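Chemist: The structure that follows is given in the form of structure tokens.
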Amino acid sequence: MFELISNYSVIILLFFIIAILYSSVGFGGGSSYLAILALTGIIFTQIRATALLCNIVVVSGNVFLFYKQKKLDWQKMIPLVVLSVPFAFFGGYLKISQNFFFILLGCTLLFAALTMWVSKKIEKIHEENIKQSIIKNSGLGGIIGFISGVVGIGGGIFLAPLLHLTNWDTPKKIAATASFFILVNSIAGLLGQYSNPNFKIDWNLTSLLLLTVFIGGQIGSRMSNKLFTAIQLKKATAILIAFVSLRILYKYLF
């Protein structure tokens with residue numbers, strides 16, 4: 001175990017920091033875990049599975065806290081996940097090339113970051129004035145779920161900017177919805193990967209990383225309610241997404 005920690009000390013530290021930062025804005029950090037693991041030489045199939053497992057550990061704590069705070073609106077969330085879960089499973093089951101995977105991930109995240117950054121206005125929203133289309137939300141969830149399953153992340157990083165842009169609800173409730181969306185789609189995507197004959201994972205390293213992100217996630221999820229305003233939540237999220245997307249595109253396009 002000591003040798004394992006020594007060999008992967010930098011990765012462990014980065015995972016810890018990422019878990020704190022992403023959980024503080026309602027995300028799991030799967031995209032950043034993927035970017036870091038891609039530099040390690042670990043086989044591609046294991047990278048996706050490890051990132052999803054770390055996602056699940058981090059956002060589980062977020063979902064629990066948001067549930068206690070009564071920020072989860074089940075009536076509005078169910079349409080978003082009813083199609084996303086089976087599509088995330090199918091996306092996780094598909095076999096794709098490593099280069100295609102990272103280029104798709106980088107482009108999508110960059111679009112999400114730009115969308116969130118230009119949407120500067122956060123309005124005070126009253127629940128009775130919010131009208132939602134069940135068909136539209138279900139379709140949106142299905143598309144994001146499929147893309148998320150393919151690239152190996154939970155999908156909240158795609159969903160949150162769109163919900164902010166359309167004033168879907170208050171920033172805190174959007175963060176809560178993104179956390180739940182990430183959790184169920186990460187589980188579905190992981191099950192899809194597990195069903196694929198090429199599924200492989202190193203449980204020694206993965207277990208160590210899961211413990212690391214659990215601790216970081218617990219710290220970050222508690223910071224969000226004390227240190228971040230609604231505007232800061234959006235800005236911090238956009239910066240994190242942009243950094244990851246540019247790093248990935250630079251590596252795999254140039």
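The values are calculated or read from the model by the stated rules, or taken from the named source; none is laboratory data. Keep in mind the model is a prediction, meaning the values are calculated, not measured. Virtual Cβ from ideal backbone geometry, glycine too; neighbours counted across all protein chains shown.
Chemist: Could you please find all residues in segment 26-39 being more than 13 Å from F15 (Cα to Cα) and either surrounded by fewer than 20 Cβ atoms within 10 Å (Cβ to Cβ) or hydroxyl-bearing (S, T, Y) (or both)?
Modeler: The answer is L39, and nothing else.
Chemist: Answer yes if at least one residue in segment 50-69 is crowded, with 20+ Cβ neighbours inside 10 Å, in contact with a Phe, Trp or Tyr (Cβ under 7 Å, 6 or more places away or on another chain) and among the aromatic types (F, W, Y), and no otherwise.
Modeler: no
Chemist: Does G61 fit the bill of being in a helix (DSSP H, G or I) and within 18 Å of K172 (Cβ to Cβ)?
Modeler: In short, yes.
Chemist: Out of the residues in segment 1-34 meeting the condition of being among the β-branched types (V, I, T) and assigned to a helix (DSSP H, G or I), tell me which one is nearest to A242 (Cα to Cα).
Modeler: I18
Chemist: I would also like to ask the following. So K70 clears everything in (1) at pLDDT below 85; (2) over 18 Å from the mean Cα position of the chain (by Cα); (3) not in a helix (DSSP H, G or I) except one condition, right? Which one?
Modeler: Of everything listed in (1) at pLDDT below 85; (2) over 18 Å from the mean Cα position of the chain (by Cα); (3) not in a helix (DSSP H, G or I), K70 misses just condition (1).
Chemist: Let me ask something else about it. Return the residues of segment 173-204 that are over 12 Å from L52 (Cβ atoms), crowded, with 17+ Cβ neighbours inside 10 Å and either modelled with pLDDT under 85 or acidic (D, E) (or both); say none if nothing qualifies.
Modeler: A175
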